[in-house]
Structures are given as C-alpha cells and as structure tokens.
Amino acid sequence: MTTSEKPKVKTINRLKSMYALRAEVDKMYAAGEDATNTGKPVAWVMLGQWAEPILTAMDVISIYPENYGSVCAAAGKAAPFLEASDAEGFPSHVCGYARNCFGYSAKMKELGGAIPPSAPMGGMPAPTLLVASSEICDARFKWFQALGRYFNAPLGTIESPYPGLKESIEPGTDERSVQFLIAQLREFVTFLEQLLGRKMNWDKLDEVARGLAGINRLRWEINRLRKAHPGPMHSKDLWSSITAAFFRGSESKAILDGFQKMLEEVKQRVASGESALNVPEKFRLSFDGLPPWHSLDIFDKLAARGWNFVIESNYRPYTPVNIDLSKFGDPLERYVRERFQSTNNTLEGEYTPEEAAAVRDEITRTGNSTILQIKHVRDCRCDGMVIHILLSCRSASLNLCAMQQKAVDLLKVPALVLEGDMVNASLFDPADVLKKAEAFEETMAYYKQMRKEAGIPW
Ligand code: SF4
C-alpha cells in the first residue's frame, strides 16, 4: 500500500467510549475562547501534574501550549508557526511544542493579542499568567521565560523533585520529595492569591484531587486489561483519550464517567475476545516515544498489515497509592500524598516481593533497571517495538536505544527505530516507514523463533 492510499476498510476498531473523551478537549479550547468574553483569568500551563487542580480551585482556566502543539500538528497547521518561530531566532532543534508556541505567540503579538486566524480548534486566548514546571526537560521553564517577549504576564514556576532511580529507593527520599512538593505548592497558592486578590477554595481542591485520583485508577485498570490477546485497545485510542485525562482532569465528573465507560468497554472486549483491529492481529507491538501527531494515519496502514499497537511506554497511569488519607488534615498534603509517584510504590503495587527485590538489587548495583524499563513489552507479550527518536525532544528519546538493546537481549523482542519529530512533519517519512515495516515483519518472525528456542513463553 502506498502512503497516499487509504485502507479500504477501517482497520482499527476504535473504542466508542473514546469519542466522548476526545470531545472534552474541544470543550477545553471552547472554555478558553469563552474566557475572552467572560474576562476569566487564563493560565498557559506547562504539563506537569501539580498546577491544574489548584488553578481550577481558584477559578482560573488552564490552557496547555504543549497539547496545542499536538493539535496544530494533527490538523496539519503547525508549519507556519514553526517557521515563525525560526524567524524569531529560536533554534530549530528546540522542542517542537515550544517552537509551535513561539510562532503562535509571535503572530498573536503582531495581531495585538488576537488569536491568529489560522489557529485550529479556536486557538489559545492570550494568557493572564504563565505557569511553568521544572519537570523532565530544559524546555519546561526556559520556554515559559522566553514567552516574556510576547506577553506581559507574570510567571510562576513549580519545582518538582526528580531523584535518580538509585536515590529514589533510598530510605527518606519519598518523604523529602513529598515535603518539598507541599512547600512548593503552598508558595504557588500564595502567588495566585496575591495575583488574583482572592482566597484558595480548599474544598474545591479536595474534590478535584479526589476526581483526578479516580481517573488515574480507571486508566490504570484499563491498561492492565491491555495484556489480553487479541489486544483490545489500540494506542490511537489511548492517544485520543489521554488529552482529556491530562488536560481536562479537573472536570472530573465528565472525565470520570468517560473513563468508567472506557473500562467497561475494554472489559467487554476482553470477555468476548474482540480485537482493536478489524483484521486478524498478526503482530503485537509497543510504541515507545512520543507519537508523530502529524502522521497518525500511518497506524491505520500498519493495522491493515495486522500490526496491533497494544501498549506504549509514554503516558502511562501511575500505580494508585493505597494510603489512608483521613489522617492528613491539610488538603494540600492529601493532594500531594495521593498523587506523588514513587518507585517504591510502583514496586509494591506492580511486582511480586521476589521481583521487587530483584529490581531493587539491580538498581542498587547498576543505578538502573532493565526489568522496569521493558516490563510493558514483557507483560503484553509484544512481537516488536516501534521506537520513535525525536529530533526536538532529547528527554523523551534519551533512553530509547538502551531500551531497544535490552528488549533484544532479555526478551528477544526487536525494535523498528524511526527518526522524526512529534510536531515537525517534514522530519518524518511515512513512505519510508511502510517500506521498513515490510522488512521488519521478517525480523519479528526471526525473533519469534529465537524466543521459542530460548524458552521465552510467546
Ligand atoms: S519533554 Fe520533550 S516534548 Fe515535552 S516539553 Fe520537554 S522537550 Fe518538549
């Protein structure tokens, strides 16, 4: 099949419950548009799990330029914003989401603060404030500092502790991280109260935090069901629904209902053996790295070949925390303790005591854990991995080649490595992907035989 040909039938059997969740994202942008009329404060927020419930409890509308980068890429509208970013002097190897945002902001400034007419989904209204985070990459806070060129909006930054894996399992690290976060968020609340001239609504924060924990738990249960054969939920359904969980979670009732329905639908599929493909599942794959938002139709073409993307390593729900929150009187502390993702909690919740001891031993000896990194490939009994190395995101690409080697060495599962970008379509060649896919099927068949000889049970 050429890249321009569309499969004659819908090759991916999309979950019906996904559509309602995807519609919630439209509402997020509609709320942003309404803000222009109602005068509600609008925060441009860097994805990071901590700010949104606090902003919602303070009646501030959150908009996510990072998500908007994927919206523009998927709509085929990112290129003019990327070019505008280049014209502003930002390097082309900077995060694609950031470049999209810089170009958008430059155009907005030219228009005196109006939304650029080419902006998809109604665009992002100009921000009243900016909220950055220090999580994961340099783009996170430097990007938002650079937005000072375009907007006269105050900037708040939330620092998050990111201990190395070895430190993360040492006694006391979790508690120090929790205390650090509580202090950071308390400062953030004070910053907002002073800026907006009103007090925090702690009851609302409690309600939103409970809802978010519920959404995460539902997503975690759904992901566990994805081990089934045939795979009941394609990665495209996760990508279409994840935006609702990450960026609209504060509308918890609608999102909770949506994920509850998704859980029921996936359970039903598992019970009846219904596949995420409308053709026979020939190969089970994991997708590792951020998706090429501009070229998602490539997955329909791969599905036509029987490729079922049954799991991913990005956007995973965290292991729910099972603690009695009633003993903590402070709503901020309850929020942090319920949402803080620790390696210790993952080991307790996802592994047998023997496995957890082996992981701890591996981390203590090497500072890393192969078992942790490729667990999703093993759990879902994948035939192959597709690894997407991104030119503009080092932090999401850094570990992928090591993961590729470990999956071959330990599980005899090969990887198809693609180079590209999540936003910049000109760096991704769908025709080349389809050609490589054909050859990779032979590689997967060869490694299936290798697994058999090695006694690996799939
Ligand atoms: S993690 Fe990667 S994609 Fe996300 S903001 Fe940082 S550089 Fe951009």
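The values are calculated or read from the model by the stated rules, or taken from the named source; none is laboratory data. For clarity, every value in this text was computed on a predicted model and none was experimentally measured. Note: ideal-geometry Cβ built from the backbone for every residue, glycine included; neighbour counts use all protein chains shown.
A few remarks follow.
- Taken together, Lys199, Lys166, Lys142, Lys204 contain a single residue that is under 19 Å from Asp59 (Cβ atoms) and part of a helix (DSSP H, G or I), which is Lys204.
- When we screen Lys27, Lys16 for residues that are surrounded by fewer than 22 Cβ atoms within 10 Å (Cβ to Cβ), at pLDDT 90 or above and away from the ligand (no atom under 16 Å from the Cβ), the only hit is Lys16.
- Residues (among the small types (Gly, Ala, Ser) and crowded, with 21+ Cβ neighbours inside 10 Å) located in segment 127-155: Ala132, Ser133, Ala139
- Residue pairs whose Cβ atoms lie under 6 Å apart, sitting 6 or more positions apart in sequence or on different chains, and linking a residue in segment 148-171 that is free of Cβ contacts under 8 Å to residues at least 12 places away in the same chain to a partner that is buried (at least 16 other Cβ atoms within 10 Å of the Cβ) and not charged (D, E, K, R), are Glu167/Thr173.
- Test: residue in segment 427-438 that is part of a helix (DSSP H, G or I) and β-branched (Val, Ile, Thr): yes
- Helices (runs of 4 or more DSSP H) (entirely within segment 352-420) containing at least 1 residues that are free of Cβ contacts under 8 Å to residues at least 24 places away in the same chain and among the acidic types (Asp, Glu): 353-366
- When the test is whether a residue is surrounded by fewer than 18 Cβ atoms within 10 Å (Cβ to Cβ), more than 14 Å from the ligand (Cβ to nearest atom) and of a type in the set (A, V, I, L, M, F, W, C), Ala114 passes it.
- The set of residues from segment 401-412 being buried (at least 19 other Cβ atoms within 10 Å of the Cβ) and either in contact with an Asp or Glu (Cβ under 7 Å, 6 or more places away or on another chain) or small (Gly, Ala, Ser) (or both) comprises Met403, Ala407.
- Selection status of Leu185, in contact with a strand residue (DSSP E or B) (Cβ under 9 Å, 6 or more places away or on another chain) and surrounded by fewer than 18 Cβ atoms within 10 Å (Cβ to Cβ): no
- Against the list (1) away from the ligand (no atom under 13 Å from the Cβ); (2) under 17 Å from Met46 (Cα atoms), the condition Asn100 fails is (1).
- Filtering segment 117-175 to residues that are within 16 Å of the ligand (Cβ to nearest atom) and of a type in the set (S, T, N, Q) leaves Ser133, Ser134, Gln145, Thr157, Ser160.
- Residue ID - surrounded by the fewest Cβ atoms within 10 Å (Cβ to Cβ), chosen from residues in segment 77-97 that are of a type in the set (Gly, Ala, Ser) and more than 15 Å from the ligand (Cβ to nearest atom): Gly89
- The residues listed here are Ser369, Ser392, Ser426; of these, the one that is buried (at least 21 other Cβ atoms within 10 Å of the Cβ), farther than 23 Å from Pro232 by Cβ, more than 16 Å from the ligand (Cβ to nearest atom) and not aliphatic (A, V, I, L, M) is Ser369.
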